[in-house]
Structures are given as structure tokens and as C-alpha cells.
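As C-alpha cells, the structure follows; a few thoughts come after it.
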Amino acid sequence: MLNVENCKGCGKLVLRKPGHPFCPACAASRAKEVRRIKHYILRHPSETILDIHRNAGIPPKAIHELIREDRVQLQ
Ligand SMILES: [Zn+2]
């Protein structure tokens, strides 16, 4: 039996790899988004999640996920 799962981004079937729930296309666009969010937070270190959402148009859920995964840190 093939060890596959649905990509968390687009739902496409991908080979299961621990810690990599995205297909290559989603992983790439997500990495780009992470860089964008990190860059924004570096330039606006005192903003809250709501500020970031309002000013940069980034969904609060995406920000929460990145914080939970320890990929970005807010003050
Ligand atoms: Zn995908």
C-alpha cells in the first residue's frame, strides 16, 4: 500500500513525509509567504496579529500557525 496523504494546502495526494504535509508547489508558495510575514514582522516589530492582518493582508490563522510552528516570533 502506498504511503500517501492529502496535501494540507491544495488537497493533492502526496507521499507522506513526516513534517512535510505539503506538496512541493504548496511548500514553495508557503515558504515564500513565511518569508513575507517574517520580513513584515522584522520591519514592524511592535504590531499585533490584528495589525499585521489589517496592514499586510495576512490571514490571522496563517500567522497563528507560523507562531505555533515556531517559524515566526512576535514580541
Ligand atoms: Zn499542495
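So in the range 42-58, with the set limited to residues that are touching a helix residue (DSSP H, G or I) at 6+ places or on another chain (Cβ under 9 Å) and at pLDDT 90 or above, which one is surrounded by the most Cβ atoms within 10 Å (Cβ to Cβ)?
Filtering the range 42-58 for residues that are touching a helix residue (DSSP H, G or I) at 6+ places or on another chain (Cβ under 9 Å) and at pLDDT 90 or above, the one surrounded by the most Cβ atoms within 10 Å (Cβ to Cβ) comes out as I52.
Does I58 meet the test of being more than 10 Å from the ligand (Cβ to nearest atom), of a type in the set (A, V, I, L, M, F, W, C) and not in a helix (DSSP H, G or I)?
So I58 passes the test.
Scan the range 1-47 residue by residue and report those that are more than 16 Å from the ligand (Cβ to nearest atom) and among the hydroxyl-bearing types (S, T, Y).
Result: Y40, S46.
Which of the residues that make up the range 1-47 are in contact (Cβ under 8 Å) with a residue 24 or more places away in the chain and part of a helix (DSSP H, G or I)?
Scanning the range 1-47 gives E33, V34, I37, K38, I41.
The values are calculated or read from the model by the stated rules, or taken from the named source; none is laboratory data. Source: prediction; values computed, not measured. Glycine gets a Cβ as well: all are built from the backbone with ideal geometry, and neighbour counts include every protein chain shown.
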